[in-house]
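Step one of this worksheet: look at the structure below.
The values are calculated or read from the model by the stated rules, or taken from the named source; none is laboratory data. All of these numbers come straight from a predicted model, not from anything done at the bench. As a convention, Cβ positions derive from the backbone with ideal geometry for all residues, glycine included, and neighbour counts pool all protein chains shown.
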Amino acid sequence: MLDLDHVRSQFPALETPWVLMDNAGGSVPCRQVIDRIHDFLTRCPVQLGASYQLSLDASAAVLRGRAAAAALLGATPEEVILGASSTALVQQLAAALRGGWEEGDEVIVTNVDHETNVGAWRRLERTGIVVREWKVRPETCELHPDDLAALLSERTRLVAFTHCSNIVGSITDVPACAALARAAGALTCVDAVAYAPHRRVDVRALGVDFYFASLYKVYGPHVGVMFGRLEVLLATGSINHFFVGEDELPRKFEPGGVNYELVASLVGVTDYLEGLGGQEVGAGTLDAAFERIAAHEEALVAPLLAFLSAHPAVTLVGDPSPARERRVPTVSFTVEGRAASEIPPLLDERGIAVRFGHFYAYRLIRDLGLLERDGVVRVSLVHYNSPEEVARLVEALAEVLG
Ligand SMILES: Cc1ncc(COP(=O)(O)O)c(C=O)c1O
């Protein structure tokens, strides 16, 4: 079981009287991350790569941070590309891969993804790439592998899709979708931004080629991380300076380098999570940590889903089941006769921070006909939320919705 007092004590920002339920927007950072940023900036804030001791210390700290990011994804450090954000990383990837493609080649994007994993690929249409759209099934708002199968062709070069919608919260069957794409000779680029804060990731078990997350939603700093399968990274052209070798991984995909102090602080994320897995920090404890997180989240979200599903004025977007293998605790809904924008200010008055909008999954909200109603209200929980906070939210919603 998760020791919630211990968990909450690791997040200085949780001392606020606010109930923070906008965590899919961004989680608050754990103490270990804050300490490491401070430590880097006070102890060795110098350029990497020189021979003097401080520079060696800085290089080692950044390398440890990269290894931590790799551990979070189940990858090796050379397969991990770091950058300012997921959005920047996907745009760089699209530009790099386009170099190896021809006019008439195809990419598949979805209508449920955050625009990060759509726009970068759709933009290639201007260069002669054909874009096909894989739509969610309207009754569930979920991606189904059979619908992907129908879109794949011998010209498909890449399928871009999400592991978990940042609106619906449903978990996509990534291994099945990745296997279909691979059988058709296509690469996969999977958005794990809404998934990685909640569940253990293992890129090899998933069978993906590219897989990315934003670590400011995983209790860390504003750093984007992208796994790329080694063979594909080696075969893809560099986007760095001409003198950076094609075999220099991951440097050939990191133009301008990384933010040193933020990358160094990523060790704080794995230290924190390993601490949740058991008493000992070390191998295997990330699995145990995410087991505990998943169990806690399932119990946490159940009363909220039960309340929303039973309320006559509420339409839940997506699955009412709290089951951990089906969803993460990101819950969106609309209220009959009211715009989504009307609800969060009423919860603000009660000290509860949630949000409304399209959350950059603009195409989904448009296809659901919800743009003119200001999108959806989204409540996004993580493991540091407590059952008492959820009870407070349910009580506040009962007042606000009547
Ligand atoms: C599901 C999803 N994908 C991608 C992004 C973009 O991430 P970043 O802010 O690192 O560019 C977000 C940000 O909210 C997101 O929720």
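Is it the case that segment 108-124 has a residue that's surrounded by 15 or more Cβ atoms within 10 Å (Cβ to Cβ) and in contact with a Gly (Cβ under 8 Å, 6 or more places away or on another chain)?
The answer is no; no qualifying residue exists.
Per the listing Thr42, Thr87, the residue uniquely under 28 Å from Arg355 (Cα atoms), of a type in the set (Ser, Thr, Tyr) and either within 15 Å of the ligand (Cβ to nearest atom) or without any contact (Cβ under 8 Å) to a residue 40 or more places away in the chain (or both) is Thr87.
Cβ-Cβ contacts under 8 Å between residues 6 or more apart (or on different chains), taken from a first residue in segment 148-161 that is in contact (Cβ under 8 Å) with a residue 60 or more places away in the chain and of a type in the set (D, E, K, R) to a second residue that is crowded, with 17+ Cβ neighbours inside 10 Å and part of a strand (DSSP E or B), are listed as Arg157/Glu106; Arg157/Val107; Arg157/Leu187.
The residue pairs whose first member lies in segment 97-121 and is farther than 21 Å from Ile239 by Cα and assigned to a loop (DSSP other than H, G, I, E, B), whose second member is within 16 Å of the ligand (Cβ to nearest atom) and among the acidic types (Asp, Glu), and whose beta carbons are closer than 7 Å, counting only pairs six or more residues apart or on different chains, are Asp113/Asp191; His114/Asp191.
Take the conditions (1) closer than 21 Å to Gly207 by Cα; (2) not in a helix (DSSP H, G or I); Ala69 misses just one of them, which is (2).
How many residues are assigned to a loop (DSSP other than H, G, I, E, B), closer than 26 Å to Pro322 by Cβ and away from the ligand (no atom under 16 Å from the Cβ) when one looks only at segment 183-217? Number satisfying all stated conditions: 2. Of Thr127, Thr76, Thr110, all but one fail to be within 16 Å of the ligand (Cβ to nearest atom), among the hydroxyl-bearing types (Ser, Thr, Tyr), assigned by TED's automatic domain parsing to the domain that holds Ala213 and modelled with pLDDT of 95 or more; the exception is Thr110.
Filter segment 315-343 for residues that are more than 16 Å from the ligand (Cβ to nearest atom), buried (at least 20 other Cβ atoms within 10 Å of the Cβ) and over 20 Å from Tyr384 (Cβ atoms) and give the result. Those that are more than 16 Å from the ligand (Cβ to nearest atom), buried (at least 20 other Cβ atoms within 10 Å of the Cβ) and over 20 Å from Tyr384 (Cβ atoms): Phe333, Thr334, Val335, Ala340, Ile343. Inspection of segment 130-139 finds a residue satisfying the criterion of being in the same structural domain as Val190 (by TED's automatic domain parsing) and at pLDDT below 95. Taking the condition of being touching a residue at least 24 places away in the same chain (Cβ under 8 Å), in contact with a Leu (Cβ under 8 Å, 6 or more places away or on another chain) and either closer than 30 Å to Glu336 by Cβ or among the charged types (D, E, K, R) (or both), how many residues in segment 282-322 meet it? The qualifying residues number 13.
Return yes or no: is Leu41 out of contact with any Leu (no Cβ under 6 Å at 6 or more places or on another chain), among the aliphatic types (A, V, I, L, M) and in the same structural domain as Glu125 (by TED's automatic domain parsing)? So Leu41 fits the description; yes. Can you spot a residue in segment 167-180 that is polar (S, T, N, Q) and away from the ligand (no atom under 16 Å from the Cβ)? So far as segment 167-180 goes, no, none of its residues is polar (S, T, N, Q) and away from the ligand (no atom under 16 Å from the Cβ).
Within segment 336-345, is even one residue among the hydrophobic types (A, V, I, L, M, F, W, C), closer than 20 Å to Leu4 by Cβ and touching a Phe, Trp or Tyr at 6+ places or on another chain (Cβ under 7 Å)?
No, that holds for no residue.
Pairing residues of segment 355-366 that are farther than 9 Å from Ile167 by Cα with residues that are within 11 Å of the ligand (Cβ to nearest atom) and in a helix (DSSP H, G or I), at Cβ distances under 8 Å and at least 6 apart in sequence or on separate chains, gives Tyr360/Thr116; Arg363/Val118. Might you let me know whether segment 53-64 holds any residue that is modelled with pLDDT of 95 or more, hydrophobic (A, V, I, L, M, F, W, C), over 25 Å from Leu381 (Cβ atoms) and within 16 Å of the ligand (Cβ to nearest atom)? No, segment 53-64 contains no residue that is modelled with pLDDT of 95 or more, hydrophobic (A, V, I, L, M, F, W, C), over 25 Å from Leu381 (Cβ atoms) and within 16 Å of the ligand (Cβ to nearest atom). Of the residues screened, Asp191 is one that is under 15 Å from Val109 (Cβ atoms), of a type in the set (Asp, Glu) and crowded, with 20+ Cβ neighbours inside 10 Å. Of all residues in segment 129-178, those being under 21 Å from the mean Cα position of the chain (by Cα) and more than 27 Å from Ser332 (Cβ to Cβ) number 1.
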